[in-house]
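A.B. asks: Take a look at the following structure, please.
The values are calculated or read from the model by the stated rules, or taken from the named source; none is laboratory data. Small disclaimer: the values here were computed from a predicted structure and weren't measured. Quick reminder, even Gly has a Cβ in these numbers, built from the backbone with ideal geometry, and neighbours come from all protein chains shown. Side chains included, ligands, DNA and RNA excluded: accessible areas come from the protein's heavy atoms. Shrake-Rupley method; radii C 1.70, N 1.55, O 1.52, S 1.80 Å.
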Number of protein chains: 2
Amino acid sequence: MSKQEAEVPGEVDACCPGLLTAPLHADQAVELAKVFKALGDPIRLRLLSMIASRAGGEVCVCDLTPAFDLSQPTISHHLKLLRQAGLIDCERRGTWVYYWLLPEMTDRLAGVLARPAGQPLPERPAEAGVAS
Amino acid sequence: MSKQEAEVPGEVDACCPGLLTAPLHADQAVELAKVFKALGDPIRLRLLSMIASRAGGEVCVCDLTPAFDLSQPTISHHLKLLRQAGLIDCERRGTWVYYWLLPEMTDRLAGVLARPAGQPLPERPAEAGVAS
DNA sequence: AGCTTGCATCGACAAACGTCGATCCAACAG
DNA sequence: CTGTTGGATCGACGTTTGTCGATGCAAGCT
């Protein structure tokens, strides 16, 4: 497992301290977008959440599939996308396949979205529909 | 502006301390996925980055459009999606329209992806292709 | 050897997405 | 009022995505 064509971004370019500090380069944007796109589906978010929050650190697919109203191939497909995004990895153990989180990737995303310390927050409070 | 059908998620459900601590509920997953999907495109990531990293805190569309090899309607479309996701907002000032970041949303995402303090990290080091 | 079970892969197909040119609207300049 | 410019909205069109049933493969059971 984890050895298919899987073009795992992996090294989203160690650089770039964040989206919010400097304009992203086109290549970095492409790599980052792959990962965010993987998170852009409710099923995949729930799968990732179920995997990440598991006590032992890993989950058997046989525990994931019945949690959704979707066919087994569909769940398998979503797991594949999460794996190709570098968010999870898996291993076959006997009859079953186990998935676990790769925290490096979620850490990286959190860092990319984080606002660098005391960013001034330009003067504009939080007018989300104030209709001044 | 900022007053169209724009079903801004906004309150992705103040709860949920993170994706990684407990299985996400279906509704929360749907809301979160909308925002991540908005980030799942290289153009939108670069737009957001250009807007967020701007000194004055806001950018005129006329500064954004020429930075890409895309038509003006396409850029406008991407900006609309970012706005509907609650990531940015805009205002018309005279002839020009200015966009700025809504840091609440990026903060929320960063929080959702963050690993709660000293999460054990189950024993599995970081085998990204160890092929044991 | 056969059968069964757990998952992945393979088309297929409808829905969603990214892009464009054309058009429309708001604001300013003559 | 007329013309111009910045930007949003409107179809249209090709590509990608999410889903399925059918099939393939690996591992255990009898």
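A.B. asks: Provide an ascending nm list, one decimal, of label-point separations from A:E91 to the equivalent residue in each further copy; define each label point as 7 Å from Cα along Cα→Cβ.
C.D. replies: With the label placed 7 Å along Cα→Cβ, A:E91 yields 5.5 nm.
A.B. asks: Nm distances between the label at A:D107 and the same-position labels in the remaining copies, 7 Å along Cα→Cβ, shortest first?
C.D. replies: Counterpart label points of A:D107 in the remaining copies fall at 2.5 nm.
A.B. asks: Taking θ = phi - 60°, what integer Hz values does the Karplus form 6.51 cos²θ - 1.76 cosθ + 1.60 yield along the range B:86-94, in sequence order, with x for Gly and Pro?
C.D. replies: x, 8, 9, 9, 8, 7, 8, 9, x
A.B. asks: How big is the range B:26-109 on each of its three principal axes, counting only the C-alpha atoms and giving the largest first in Å?
C.D. replies: In descending order, the Cα extents are 42, 25, 20 Å.
A.B. asks: Run the label-point distances for A:P66 please: 7 Å along Cα to Cβ, every other copy, nanometres, shortest first.
C.D. replies: Nearest to farthest, the other copies are at 6.2 nm.
A.B. asks: Hey, another quick one. Go through A:P73, A:G57, A:C90 and say which Cα lies farthest out towards the positive end of the charge dipole of the range A:26-110; charges sit on Cβ, +1 for Lys and Arg, -1 for Asp and Glu.
C.D. replies: A:P73
A.B. asks: Buried accessible area for the A:B pair, summed, 1.4 Å probe, in Å² rounded to 100?
C.D. replies: Counting both chains, the buried surface is close to 3800 Å².
A.B. asks: Peptide A:88-100: average number of partner chain Cβ atoms within 10 Å per residue? Can you show the working numbers first?
C.D. replies: On the way: counts 0, 6, 0, 3, 0, 0, 0, 0, 0, 0, 0, 0, 3.
If you average over the peptide's residues, the count of other-chain Cβ atoms is 1.
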